[in-house]
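Novice: Take a look at this one; I'll ask things after.
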Amino acid sequence: MTLLILDLAGIFFFAVSGSLLAARRNFDIVGSLLLGSLAGLGGGVARDLIISQGVPQAFTDPLYLLPPVLAALLVFLHVLGVQRYRRALLVFDAAGLALFCVTGTLTALAAGLHPVSSALLGVATAVGGGLLRDVVANEVPQLFNPRGVYAVPAMLGAGLVSLFHVLGVFNPVVGTAVAVLVFTLRVLSLRYGWRIPLAGRTTGAGSLDS
Amino acid sequence: MTLLILDLAGIFFFAVSGSLLAARRNFDIVGSLLLGSLAGLGGGVARDLIISQGVPQAFTDPLYLLPPVLAALLVFLHVLGVQRYRRALLVFDAAGLALFCVTGTLTALAAGLHPVSSALLGVATAVGGGLLRDVVANEVPQLFNPRGVYAVPAMLGAGLVSLFHVLGVFNPVVGTAVAVLVFTLRVLSLRYGWRIPLAGRTTGAGSLDS
Amino acid sequence: MTLLILDLAGIFFFAVSGSLLAARRNFDIVGSLLLGSLAGLGGGVARDLIISQGVPQAFTDPLYLLPPVLAALLVFLHVLGVQRYRRALLVFDAAGLALFCVTGTLTALAAGLHPVSSALLGVATAVGGGLLRDVVANEVPQLFNPRGVYAVPAMLGAGLVSLFHVLGVFNPVVGTAVAVLVFTLRVLSLRYGWRIPLAGRTTGAGSLDS
């Protein structure tokens, strides 16, 4: 039950990020609904396909359609993100990331996967929705933006959920605390421009390569 | 049987749209075959994975390979779309959209999914192939082009198929009529530049956002 | 056992290509690990989902995570590709392509698919990782670059593996020979700029179309 609520909240946050991106790119209201649905439901559908337990929830339970509809509507009505699409997008994206690394890992654990595999799948669920959103809108994914950290907080969160589960001390309060931690790290990393080393240890080579 | 024929026709139309895009982008003949295959078969493979009934048809029945091969050949020989790639692409894409929202919904209903879920999956099948085609060719998907309506006719068509099925009045003639309706709406929307409201109710904010 | 080793080697080669692309694009070290993982594991995960035999290996066997970690580390330490990212990327990509068209086809045959379907899935596995890598990094896929041949050697290799398997003469030595042939054809095609006919038989129309 708690898992369902957290999952729906995560879907809502990612769906808002998708609808905000649609607004920023001047897509129409249906494009907003579809990009929000892809961002909100894409990671979970991929996760459900990978754990191989039948038809993904998003296609069996109509409840999963409410968050994207609500998100597209709120963005359309300018309740959310009217002035600063990009900043609002990043904050909602961070909230989705935080919730999905928790719920994704829990879903995988509930399906009987190994704790390490479950944490991996939790990370894939958390970064998957935003990745699909950006790829489909033909943008370089936030995931690869070297300003701020994105996957690292999700890895930490998913790892902690798996660890606490193995230790038998996981409960909804712990899960919420982990999500808050992930969200805080992501937002602080954006605020203060945290960086980790580049893939090739250089900054200028990229534009001069062969 | 009728379903198979309509499905193959839909695959052919989407495959032509993929091969035309390949020609427009100066890809080679094998790139044309692959982009056509992805456009024609991608939506159906995703649908089959989601309904979880074993290996997708495109990988078990070699018949499914004929439409993409034929499409790449016809585009190569300039039988199709020699002068106006973009317009021809949109017309074939519309035909694929119209057939797939019908066959996608029927396949999901046949797999025992709920009518609402089936209509959703029909929409996903219908827009999925074109989405994959555009994403893989690094273009902003037609789906998000605010000029004309794309997903709305597919939603209408998939919804009608589900409704008629529930009412017990669905038959091949009804299915064909729905496909013709979807195709007509899509083409008219392009011809007359129909628009629906933007995601954020503004037209100029996109280029000025934070 | 041989299959596992060849599969891990293919994952490593594709992962290096992903990490090199990350370095070239100035992504950070975690982006490098994720792009390498996607390039190395993406094709195989898609293949495993299509053959419908439960959770994909990459999510059950932690061994599959070693090659991407190693690849990101080697690229970070400049052991690989320090000066010429693009050329090194293409060579590692070719090696991954060569191994994956062999292991992908074998995996599908082992799952009981028809030899023709198995060859198809082998091709999809071989081109899938590189396609995901390029799409996610917002680049036009190598697969569609008309300079050199990409899918053709993979089709030849997958076809030969299926044929030899049907004839009952497949063994690890034959598999390695096929992989060497595919790799050699791919690299020679880049070196000498081999081209096959364009999708639309013209070179200039693309930029002038309607």
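Novice: Determine, yes or no, whether C:Val136 is in contact with a Pro (Cβ under 7 Å, 6 or more places away or on another chain), of a type in the set (Val, Ile, Thr), within 29 Å of B:Ala23 (Cα to Cα) and surrounded by fewer than 21 Cβ atoms within 10 Å (Cβ to Cβ).
Specialist: So C:Val136 does not fit the description; no.
Novice: From the list B:Arg86, B:Arg47, which residue is among the basic types (Lys, Arg) and either in contact with a Gly (Cβ under 6 Å, 6 or more places away or on another chain) or modelled with pLDDT of 95 or more (or both)?
Specialist: Exactly one of B:Arg86, B:Arg47 is among the basic types (Lys, Arg) and either in contact with a Gly (Cβ under 6 Å, 6 or more places away or on another chain) or modelled with pLDDT of 95 or more (or both), namely B:Arg47.
Novice: Condition first: in contact (Cβ under 8 Å) with a residue 60 or more places away in the chain, in contact with a Leu (Cβ under 7 Å, 6 or more places away or on another chain) and assigned to a helix (DSSP H, G or I). Now tell me which residues in region B:132-151 satisfy that.
Specialist: Those that are in contact (Cβ under 8 Å) with a residue 60 or more places away in the chain, in contact with a Leu (Cβ under 7 Å, 6 or more places away or on another chain) and assigned to a helix (DSSP H, G or I): B:Leu132, B:Arg133, B:Val136.
Yes/no per residue for (1) out of contact with any helix residue (DSSP H, G or I) (no Cβ under 6 Å at 6 or more places or on another chain); (2) at pLDDT below 95; (3) among the aliphatic types (A, V, I, L, M):
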| site | (1), (2), (3) |
| --- | --- |
| C:Leu143 | no, yes, yes |
| C:Pro146 | yes, yes, no |
| C:Ala151 | no, yes, yes |
| C:Val161 | no, no, yes |
| C:Val173 | yes, yes, yes |
| C:Gly193 | yes, yes, no |
| C:Asp209 | no, yes, no |
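Novice: Restricting to region A:87-145, give me the number of residues that are farther than 14 Å from A:Gly42 by Cβ and of a type in the set (D, E, K, R).
Specialist: Count: 2.
Novice: Could you check A:Pro172 against (1) out of contact with any strand residue (DSSP E or B) (no Cβ under 8 Å at 6 or more places or on another chain); (2) of a type outside the set (Asp, Glu); (3) open to solvent by 10 Å² or more (accessible area, probe 1.4 Å); (4) facing chain C (nearest Cβ under 9 Å) and say which number it fails?
Specialist: (4)
Novice: Applying the selection to region C:1-48, what residues are of a type in the set (Lys, Arg) and assigned to a helix (DSSP H, G or I)?
Specialist: C:Arg24, C:Arg47
Novice: Sticking with this one: Does A:Ile29 satisfy the criteria of being of a type in the set (Val, Ile, Thr) and either in contact with a His (Cβ under 6 Å, 6 or more places away or on another chain) or within 14 Å of another protein chain (Cβ to nearest Cβ) (or both)?
Specialist: yes
Novice: Between residues in region A:108-126 that are facing chain C (nearest Cβ under 7 Å) and open to solvent by less than 20 Å² (accessible area, probe 1.4 Å) and residues that are β-branched (Val, Ile, Thr) and in a loop (DSSP other than H, G, I, E, B), which pairs lie under 6 Å by C-beta distance while being six or more apart or on different chains?
Specialist: A:Ser117/C:Thr60
Residues checked against (1) open to solvent by less than 10 Å² (accessible area, probe 1.4 Å); (2) over 29 Å from C:Ala58 (Cβ atoms); (3) of a type in the set (Phe, Trp, Tyr); (4) more than 12 Å from the chain's Cα centre (by Cα):
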residue	(1), (2), (3), (4)
A:Phe12	no, yes, yes, no
A:Arg24	no, yes, no, yes
A:Gly40	yes, no, no, no
A:Ile51	no, no, no, yes
A:Gly54	no, no, no, yes
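Novice: Are any residues in region B:49-69 at the interface with chain C (Cβ under 9 Å from one of its Cβ atoms) and in a helix (DSSP H, G or I), and if so, which ones?
Specialist: B:Leu49, B:Ala58, B:Phe59, B:Pro62, B:Leu65
Novice: Between a residue in region C:49-66 that is under 17 Å from B:Gly54 (Cα atoms) and any residue that is among the aromatic types (Phe, Trp, Tyr) and at pLDDT below 90, which pairs come within a Cβ distance under 6 Å, given they are 6 or more apart or on different chains?
Specialist: So the pair list comes out as C:Ile50/B:Phe59.
The values are calculated or read from the model by the stated rules, or taken from the named source; none is laboratory data. What you see is a predicted model, and the numbers here were worked out from it, not measured in a lab. Positions of Cβ are generated from backbone atoms using ideal geometry, with glycine treated the same way; all protein chains shown enter the neighbour counts. These area figures cover heavy atoms from the full protein model, side chains too; ligands, DNA and RNA do not enter into them. Shrake-Rupley method; radii C 1.70, N 1.55, O 1.52, S 1.80 Å.
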